[in-house]
1. For H228, all conditions in the list (1) out of contact with any strand residue (DSSP E or B) (no Cβ under 7 Å at 6 or more places or on another chain); (2) surrounded by fewer than 19 Cβ atoms within 10 Å (Cβ to Cβ); (3) under 30 Å from W91 (Cα atoms) hold save one; what is the number of the exception?
2. Conditions first: (1) in a helix (DSSP H, G or I); (2) out of contact with any strand residue (DSSP E or B) (no Cβ under 6 Å at 6 or more places or on another chain). P157 passes all but one, so which condition is the exception?
3. Applying the selection to segment 126-141, what residues are farther than 20 Å from L256 by Cβ, surrounded by fewer than 18 Cβ atoms within 10 Å (Cβ to Cβ) and touching a helix residue (DSSP H, G or I) at 6+ places or on another chain (Cβ under 8 Å)?
4. Quick test for you: out of A215, A237, A249, pick the one residue that is surrounded by 13 or more Cβ atoms within 10 Å (Cβ to Cβ) and in contact with a Leu (Cβ under 7 Å, 6 or more places away or on another chain).
5. Being open to solvent by 10 Å² or more (accessible area, probe 1.4 Å) and touching a Leu at 6+ places or on another chain (Cβ under 9 Å) is the filter; apply it to segment 159-180 and report the residue that is nearest to A74 (Cα to Cα).
6. Considering only residues that are touching a strand residue (DSSP E or B) at 6+ places or on another chain (Cβ under 8 Å) and open to solvent by 50 Å² or more (accessible area, probe 1.4 Å), look in segment 84-105 and name the one that is farthest from A159 (Cα to Cα).
7. How many residues does segment 102-119 hold that are more than 14 Å from the chain's Cα centre (by Cα) and not in a loop (DSSP other than H, G, I, E, B)?
8. State the number of residues belonging to segment 35-56 that are touching a residue at least 40 places away in the same chain (Cβ under 8 Å) and under 20 Å from P94 (Cα atoms).
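The values are calculated or read from the model by the stated rules, or taken from the named source; none is laboratory data. Keep in mind the model is a prediction, meaning the values are calculated, not measured. Note: ideal-geometry Cβ built from the backbone for every residue, glycine included; neighbour counts use all protein chains shown. These area figures cover heavy atoms from the full protein model, side chains too; ligands, DNA and RNA do not enter into them. Shrake-Rupley method; radii C 1.70, N 1.55, O 1.52, S 1.80 Å.
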Amino acid sequence: MRETEAVQTIVKRRADAPEEFFAAEAAGLDWLAAAGAIRVPRLTAVGPGWIELERIDEARPDRDAAAAFGRELARTHAAGAAAFGARPDGWHGPLFIGRRPMAAASEASWGAFYARDRVLPFLEIAEEIGDVTAAEATAVRRACELIADGEFDDDDPPARIHGDLWNGNVLWSASGVVLIDPAAHGGHRETDLAMLALFGCPFLDVVLEGYQHEAPLRDGWRDRVPLHQLHPLAVHAAGHGRSYGVALAEAAEAVLDLAGSDRE
């Protein structure tokens, strides 16, 4: 750690980082910051295999910060993206979630993009390594067929999402929430919220209340949580254990049930 222009910084290094890995992180942070709502660490410098960022001193979560986080996240989403699957503005390089490559796209249909680029590529890896059985993979693919056909498309425009919004990437500071390590792209705003619910978040009910106050969600959003959890579950099933494969299949079955109930 060192001090740069009165800002304490940290340097993250990874010798095995994929090419442009940290440059992609920097582009995502800049894009989220440009929304003028949610706070991210100030970027000091970036190079091959490293990035230097403002150090965030963490504090205890509280209800006021949680409500503000919900409002700020809603405003960040509302800043929008060029298309579903779009890269951060001005960035032409690769996208990543964790260390895994993540496809970019320019789709008008959320479902076509989501099934093809956010679920199926990771499902294939999970099946290859044995974290998803053939029967489970069949259920996921059936759900993806419905998604790709537009079963769950709506009028929401592409949102400016963090893309990897689990609790470990939500830092609570004395001045409010700071988001780190984005997989930022144009997506559906419910995907960020579903990831928060999947991995837990302090005062999540208050975060959601703040979000709803700023930008109300469409009716039935709670029922669609498994739909939007397919992506993070597929990513985790591709390398974090068999339990995520089971959870992925359960989410797919919930999506199939939801589609059936919508047709009744």
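1. Unmet condition: (2).
2. Among (1) in a helix (DSSP H, G or I); (2) out of contact with any strand residue (DSSP E or B) (no Cβ under 6 Å at 6 or more places or on another chain), the lone unmet condition for P157 is (1).
3. To start, the set of residues in segment 126-141 that are farther than 20 Å from L256 by Cβ comprises 128-131.
Checking which are surrounded by fewer than 18 Cβ atoms within 10 Å (Cβ to Cβ) leaves us with 128-130.
Scanning segment 126-141 gives a single hit, G130.
4. A237
5. R160
6. The selected residue is P101.
7. 7
8. Initial filter on segment 35-56 (touching a residue at least 40 places away in the same chain (Cβ under 8 Å)): 35-41, 44, 51-56.
Among the residues that remain, those that are also under 20 Å from P94 (Cα atoms) are: 51-52.
Of the residues in that region, 2 qualify.
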